[in-house]
Amino acid sequence: MSNNQCLVDILKKGSGYWNSWRLENPEKKLIVGNINFRGQDLNGLDLQGANLNGIDFSGANLREINLQQANLFQADFRETSLEDVDFSSSNLTNAYLNNLDLRGTKFLAAQLDGANLQKSNLQGVNLERTLSRGTNFYEANLEKSHFYQAALHQADLSFAKLNSANLVQAGLIRSDLSNSDLSEADLTEAELVGAWLRNTKFCKANLTRAKLLNSQLSEADFAKATLVDCWVYGISAWEIKNLDTATQKNLIITRDDEPIITVDDLEIAQFIHILLSNQKIRRVIDTITSKVVLILGRFTSERKAILDALREELRNRNYSSVVFDFEKPSERDLTETVSTLAHLSRFVIADITDAKSIPQELQRIIPSLPSLPIQPIILDSQHEYAMFRDFGAYRSVLPPHRYQCIEQLIVSLDEKVIAPALERAQEIAKQRRDFEAHFK
């Protein structure tokens with residue numbers, strides 16, 4: 001008797017007999033081929049580890065069936081009943097699971113590459129650590145679903161409902177999430193590199209430390225979303241909605257291999273990126289009256305608290321800080337980049353504590369931008385570097401403000417840092433106006 005016929009005979013005796021037989025014959029490999037399961041009642045069957053490559057289950061009753069670790073490559077589940085089915089660690093590559101009610105099913109660590117789940121209901125389903133590369137989730141209901149550490153590269157999630165979904169550390173590289181609803185979803189540390197996010201809803205979504213490099217965000221809705229420590233290099237951010245209600249902090253506009261430059265506004269991030277990468281635009285802009293404050297410093301792990309405190313206090317005063325951290329090494333010349341950022345700024349705060357790269361950058365900025373106030377700050381226990389005194393001839397350079405600790409720096413920030421810089425800017429502007437008046 002053939003293996004298939006033997007299995008068919010056992011299956012005909014019902015799920016109870018089949019499951020008992022499996023317990024008694026655990027060494028038997030279930031290789032099923034050319035068996036017609038269409039419309040069959042397979043309720044409660046244990047098919048764990050079975051080779052069901054290309055099997056047609058359409059119209060079958062598969063409630064409570066165990067398909068863990070099964071090979072279901074190109075299997076057809078259309079119009080089946082799949083209540084409480086366990087697909088954990090199974091191979092569902094190119095399988096047909098579209099237009100189904102899949103609530104209660106388990107897909108933990110399953111392989112769903114290229115599978116079709118279009119318009120299926122997967123509300124609350126566990127899809128953690130699945131391989132769902134190129135999977136079709138078009139118009140699927142994925143509300144409150146779990147995609148922790150799932151690989152969803154190049155998946156089609158357009159028009160999908162992903163409200164309150166867990167996408168922590170999910171890989172969504174070059175995926176299509178256009179017109180999808182990610183309201184209140186958790187996208188912490190998610191990789192959205194090159195993702196298509198046009199007209200996507202991120203209302204109250206958490207995107208902390210998410211990678212949005214080269215993503216298309218045009219017309220996306222960020223109402224009350226959290227955008228903190230995100231990588232946003234190369235984004236397209238035209239006509240973004242409700243960004244003014246979002247929490248935006250420390251958005252990184254540089255690549256992984258470049259010194260970190262951060263801003264606190266997604267739209268400003270795109271603008272500064274364009275400015276830094278386009279020489280013609282830089283020539284057009286001579287000065288910008290704005291609330292941008294450039295912070296220069298070498299912020300080691302021990303001194304990062306100073307940087308964070310400065311950023312937070314400036315943010316509270318409605319300034320947008322741009323931070324250039326010289327701690328990260330680079331082999332390319334950064335002078336032009338720093339100079340461009342300085343052109344955008346209302347004034348510069350330069351922390352010359354433990355200065356290394358800063359002297360070179362100040363040497364470029366100060367002579368070329370004589371109207372830009374430079375307010376140095378330094379830890380009280382240190383001395384200015386030797387050549388710093390040469391800047392005393394420039395009216396734009398204020399005396400260094402010495403501080404003993406973070407708390408003292410914050411308390412004195414308005415009086416000793418911001419106010420002197422703004423006052424010096426007004427003095428320089430008045431001097432220029434008075435000088436120009438002689439020629440009228």
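The values are calculated or read from the model by the stated rules, or taken from the named source; none is laboratory data. All values derive from a computational prediction rather than experimental measurement. Every residue, glycine among them, receives a Cβ derived from its backbone with ideal geometry; neighbour counts consider all protein chains shown.
Asn206 meets the stated requirement of being closer than 15 Å to Leu162 by Cα and touching a strand residue (DSSP E or B) at 6+ places or on another chain (Cβ under 7 Å).
The residues of segment 396-425 that are surrounded by 13 or more Cβ atoms within 10 Å (Cβ to Cβ) and part of a loop (DSSP other than H, G, I, E, B), listed by number, are Ser396, Leu398, Pro400, Ser412.
Checking each residue in segment 274-321 for being closer than 25 Å to Glu407 by Cβ, buried (at least 16 other Cβ atoms within 10 Å of the Cβ) and modelled with pLDDT under 85 picks out Gly297, Arg298, Phe299, Arg303, Leu307, Ser320. Scanning segment 219-259 for residues that are hydroxyl-bearing (Ser, Thr, Tyr) and in a loop (DSSP other than H, G, I, E, B) gives Tyr233, Thr254.
Across segment 132-155, the number of residues qualifying as part of a loop (DSSP other than H, G, I, E, B), surrounded by fewer than 22 Cβ atoms within 10 Å (Cβ to Cβ) and of a type in the set (A, V, I, L, M) comes to 0. Would you check if Glu79 is surrounded by fewer than 23 Cβ atoms within 10 Å (Cβ to Cβ), acidic (Asp, Glu), at positive phi and not in a strand (DSSP E or B)? Yes. Scanning segment 326-338 turns up no residue that is closer than 16 Å to Ile268 by Cα and either at pLDDT 85 or above or within 24 Å of the chain's Cα centre (by Cα) (or both). Taking the listed residues Glu184, Glu189, the one that is closer than 15 Å to Leu162 by Cα, acidic (Asp, Glu) and assigned to a loop (DSSP other than H, G, I, E, B) is Glu184, with no other qualifying.
For segment 221-238, does any single residue satisfy the condition of being under 29 Å from Asn98 (Cβ atoms) and in contact (Cβ under 8 Å) with a residue 12 or more places away in the chain? Scanning segment 221-238 turns up at least one residue that is under 29 Å from Asn98 (Cβ atoms) and in contact (Cβ under 8 Å) with a residue 12 or more places away in the chain. Please enumerate the residues belonging to segment 352-370 that are among the charged types (D, E, K, R) and more than 15 Å from Leu341 (Cα to Cα). Selection gives Asp354, Lys356.
Would you check if there is a residue in segment 104-119 being touching a residue at least 12 places away in the same chain (Cβ under 8 Å), surrounded by fewer than 23 Cβ atoms within 10 Å (Cβ to Cβ), of a type in the set (Lys, Arg) and part of a strand (DSSP E or B)? Yes; the residues of segment 104-119 include at least one that is touching a residue at least 12 places away in the same chain (Cβ under 8 Å), surrounded by fewer than 23 Cβ atoms within 10 Å (Cβ to Cβ), of a type in the set (Lys, Arg) and part of a strand (DSSP E or B).
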